[in-house]
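Data first, discussion second: the structure below is written as structure tokens.
Each value in this text was obtained by applying a stated rule to the coordinates, not by laboratory testing. Keep in mind the model is a prediction, meaning the values are calculated, not measured. Neighbour counts are summed over all protein chains in view; Cβ atoms, including those assigned to glycine, are modelled from backbone coordinates with ideal geometry.
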Amino acid sequence: MSRRARRGRTAAPAASAGAAGARCTITVCRGCCCGTPTKVPRLDHETQLTDLRTALAGVATVRRTDCLDACERANVIVIQPSADGRKAGGRPVWLGQVNDPGAAADITAWVTEGGPGLAEAPDVLDLYTFQPSRRVRAELDDD
């Protein structure tokens, strides 16, 4: 959904974002490169995952996955919209190089407000957004 199209929409109340079945899903790559100090040495990878799970408890499902095949962009996090967000036009948002606590805090704030399709993403997340190949996107959709 383009920024122009999103601006014309009104966001759903944050409470609906946390309702069962209406949650965003946050997929955190922890495969061969993401989540390892070899590729990103200055980040406590387990703490990042734990902080996301704690901050989004009751609001979103946070899951760990093996390699998402975007190793050049370690650490990769995918924000999948809730059912309501998808109905409103939201699509999965792929974020790469999420290697500082500020980015994780921006993700948390956005998802708490409703996430893709329901809330405007903080502009700073544009710096992290990328489009993976169709093959990689299809593999995530199969999960």
| note | Those residues of the range 68-111 which are surrounded by fewer than 22 Cβ atoms within 10 Å (Cβ to Cβ), closer than 17 Å to THR38 by Cβ and β-branched (Val, Ile, Thr) amount to none
| request: List every residue pair whose Cβ atoms lie under 7 Å apart, where the two residues are 6 or more positions apart in sequence or sit on different chains, the first residue falls within the range 21-43 and is within 10 Å of ASP66 (Cα to Cα), and the second residue, located anywhere, is surrounded by 18 or more Cβ atoms within 10 Å (Cβ to Cβ) and of a type in the set (Gly, Ala, Ser). | output: CYS29/GLY35; CYS33/ALA74; CYS34/ALA74
